[in-house]
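The values are calculated or read from the model by the stated rules, or taken from the named source; none is laboratory data. Since this is a predicted model, take the numbers as computed values, not measurements. Cβ sites come from the backbone with ideal geometry, for glycine too, and all protein chains shown count toward neighbours.
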């Protein structure tokens, strides 16, 4: 595998434009109705309560993900995305494992997430299930939504 690095970074870094563009296209122009899209805009990810991570190789950024602290000891996985041409190499799992370890080191005891219920999100749901997440009730400010699956795990 190519030399990979995962670092905490600013979501506003100039070299992340393609990641955010692709992420937005998949979320906004995918098969999820607008009222069920919970993606955070890029600028909103630049906050002290959000740890933002970027996975890069020698060609540049390939993947991103964030963990937002939503309550004491409780974080939410946000904005995970891997460029389509980099998929199938285990990068999502590598980034998620890094985010789990960093969250634990930051004192979080639980991570939760919201993802889509549509077939286009099946691989994401599978990734999270293999990483120990299980389905749960809506958390935080989320409400039941037939287009959402909520998952959580202890750290």
(request) Would you tally the residues in segment 61-107 being closer than 18 Å to residue 18 by Cα, surrounded by fewer than 16 Cβ atoms within 10 Å (Cβ to Cβ) and modelled with pLDDT of 95 or more? (result) 0
(message) I want to confirm something. Restricting to segment 5-35 and keeping residues that are in contact with a helix residue (DSSP H, G or I) (Cβ under 6 Å, 6 or more places away or on another chain) and either in a helix (DSSP H, G or I) or under 18 Å from residue 68 (Cα atoms) (or both), which single residue is modelled with the highest pLDDT?
(response) 6
(message) Which of the numbered conditions does residue 143 fail, given that it passes all the others? Conditions: (1) surrounded by fewer than 16 Cβ atoms within 10 Å (Cβ to Cβ); (2) in contact with a helix residue (DSSP H, G or I) (Cβ under 8 Å, 6 or more places away or on another chain); (3) more than 29 Å from residue 15 (Cβ to Cβ).
(response) (2)
(message) Every residue in segment 106-138 that is part of a strand (DSSP E or B) and free of Cβ contacts under 8 Å to residues at least 60 places away in the same chain, please.
(response) 110, 111, 112, 113, 115, 134, 135
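Looking at the structure I just gave you, is residue 152 at pLDDT below 95, under 14 Å from the mean Cα position of the chain (by Cα), surrounded by 17 or more Cβ atoms within 10 Å (Cβ to Cβ) and not in a loop (DSSP other than H, G, I, E, B)? Please lay out each step first, then the result.
Numbers: at pLDDT below 95: no; under 14 Å from the mean Cα position of the chain (by Cα): yes; surrounded by 17 or more Cβ atoms within 10 Å (Cβ to Cβ): yes; not in a loop (DSSP other than H, G, I, E, B): yes.
For residue 152, the condition - at pLDDT below 95, under 14 Å from the mean Cα position of the chain (by Cα), surrounded by 17 or more Cβ atoms within 10 Å (Cβ to Cβ) and not in a loop (DSSP other than H, G, I, E, B) - is not met.
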(message) Given the criteria touching a helix residue (DSSP H, G or I) at 6+ places or on another chain (Cβ under 7 Å) and modelled with pLDDT of 95 or more, does residue 51 qualify?
(response) yes
